[in-house]
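Okay, so here's the structure we're looking at.
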Amino acid sequence: MRSRVSPIVFRLAQQLRDLRNVMTESQRRKFATAPFLVGTSLFLCALTFYYFAVLKIDYRKTALLDLGPHPDAPEYFAQGTALLKDRWPSIQIGYDKLPSRYPVGYPVLMLPWLKILPKADSILAPFRTNQTLGLLLLVTVFSFYVYLAMPLTGGFAALLLATLPGFFTFCRSSLSEISTSALFVLAFMFAYLGLEEERRWKIYLSAIFLGLSLNIRAQSLFFAPLLLAMALFPVRGNRLRWFLHCASLLVVFALAASPMLVLNTIQFHSPFKTGYGFWVPYFYDFSGAHFSGKPLLFFLQYIPSNAVFLWRELCLDPQGFTAANIFGTGTCFVAAFVLLICAGLCFVWPSWFVSCAFLAGLSFLAGTACSSPADGRFYLPLLILLIAVAVLPLTWAAKNLVLGKRVIAAVAIFALFAAACLGYPSRSGYNTVKTIRSQTWDALHFTTPARRSPQFIAQRHFTELFSRQPGIVLSDIDPVYLNALLPEPFVAAPLDGKHHYQWSSVWRYDRPQAVALVKRGLNQSLPIYVLFVSTEEMQKKASRLPELDGYQWVIVTSNTNDKAVVLKLAPVASEGGMRF
């Protein structure tokens, strides 16, 4: 009898366990569905805002096609076009093809867009590159938290990222901040996963992303303490194996950074020399008045100015002009976001990854403060990474609201979250009194009213009129910018020595070089043009035009409908055009 009962009891117990597991799984799914739906909704809100604030911008209605600030953006764009045309990164002034002061990583990222866009719209390549990278970064952040089974936190993080003023401002820029930030985020993500899941290959992947970032911005080296993640990996068994992994990680990091080192060796005969040494071998004095004679390394006098800049940003005090004013309102972060980060620090639990991340962040902050002038864009990677801290109190507040506990504290946290997403209160503009603005509102009205792009309009008008008569073009428009946009037979150069490339001790271009260039063109029977953006500019700068015996400057097109003014060098006996 017992032998018959035992199988029956066993089957009943098995069925009860299966039923309990099914009910538990059902409850888990029900519990997990709500956070996923809310997190996904927040993510969709982030994408919607990103579309209207960044992707929908019509750059033809803005002055951004002038590719400011100079010489940063024009050199990035020129390197990209040179890579596509010559398979080698360079900038062109006159007939000289010269090295850029900036690394080649960001121009390489432009190449897909340079190939996709028609030649007439190639100037949009740097903007489209940042728009694409920003979108991919948003998706990556949300996907990362979904992978960690934290979709609600991922929604909070995506919305904080999309509405971070520095993020959407530089996503619509022609600079390299977003590309470096994306690589830093990936490096930190995989370092975290490598330590938490004890997977060394993910730490190797983190080192690859960190090494690649050096090909975009040399300041990426300040994040090198993140590589300590391999040394902090749990040691099990053979210590020699642990040591070999640590050494291998450094090799992988160096290999990822090697394109920049190899290029520097080819161009400057040393892996540690850069284009800055070629173009700007010495710093300006801190006052900006004269050369200081200091090498281009760390400048301790930058620390007070950076500290004042960050404090004014936090307190809504008037700021001077920075790159953020070109692509946005000039604000990179708001006080509510900083308060969320301070609250999040209370929820950070000590761990090996936290130690690495803290050292890397502190190193980057200190290195940036003493090696760069005050500009919010240099701190953007750190602001984006701190979103991981800012979302911790939000997750805590959401759980407590559902449970009906600590409601006042939870509501206060969400009030900060709403203020951070709205960017309120904040300051817009530069050298202005305190104004209470919403960065989200200003972001959605970025192109209203429309603004002109005089330099781009001038070169486009010139190209339309003289594309069949290639020659030499002298202009105060950045020659690197012009050479990247004008058809290949044209060669652009400055009027004289007043240009962005006058500080080099290796390469020189002044009035004698301008006259020599004009004579070379005449010997080759090439037309010699001068391009001005307006009649007013022509009248102000006429005295700087090169003068040759037997020749005169003749106006061949006048400023009509906001077009450019073009002069052409002609023999004195020539009667064509209007004599200038």
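Farthest toward the positive end of the dipole of the chain, out of Ser475, Ala323, Val518, is the Cα of Ala323, where the dipole comes from beta carbon charges about the Cα centre. When shorter helices are ignored and each DSSP H run of at least 4 residues is given -39500 (n - 2.57), the per-residue value for the chain at 222 nm works out to -18000 deg cm²/dmol. Across the chain, the relative contact order, built from alpha-carbon pairs under 8 Å that are at least six residues apart, equals 16 percent. A Cβ-based charge dipole, computed about the Cα centre of region 454-579 with Lys and Arg at +1 and Asp and Glu at -1, lands at about 140 debye. Hydrodynamic estimate: the Kirkwood radius of the chain over Cα pairs, inserted into Stokes-Einstein at 25 °C and 0.890 mPa s, corresponds to D of 91 µm²/s.
Take every Cα pair under 8 Å whose residues are at least 6 apart in sequence, average their separation, divide by the length of region 434-535, and the relative contact order is 31 percent.
Would you work out which of Met538, Gly550, Val402 lies farthest towards the positive end of the dipole of the chain, given +1 charges on the beta-carbon of Lys and Arg and -1 on that of Asp and Glu, about the Cα centre? The residue sitting most towards the positive pole is Val402.
Of all lysines in the structure, those lying under 23 Å Cα to Cα from Lys405, and not within fewer than 8 positions of it along the same chain, are Lys30. For the chain, DSSP calls about 70 percent of its internal beta bridges antiparallel. With 18 Å as the limit on Cα-Cα distance, the pairs of Lys61/Lys498; Lys498/Lys540; Lys519/Lys568; Lys85/Lys568; Lys85/Lys119 that go past it are Lys61/Lys498; Lys85/Lys568. Taking all C-alpha pairs of region 454-579, those more than 23 Å from each other amount to 26 percent. Among the aspartates and glutamates, which fall within straight-line cross-link reach of Lys563, defined as a Cα-Cα distance under 20 Å, with same-chain neighbours fewer than 8 residues apart omitted? Lys563 reaches Asp66, Asp121, Glu464, Asp476, Asp478, Glu536, Glu537. About the centre of its Cα atoms, the chain shows a dipole size close to 2100 debye [charges on the beta carbon of Lys, Arg (+1) and Asp, Glu (-1) only; nearest 20 debye].
Every number in this text was worked out from the coordinates using simple rules, so none of it is lab data. From a predicted model like this one, the values you see are computed outputs, not experimental measurements. Cβ: placed from backbone, ideal geometry, glycine included. Neighbour counts: every protein chain shown.
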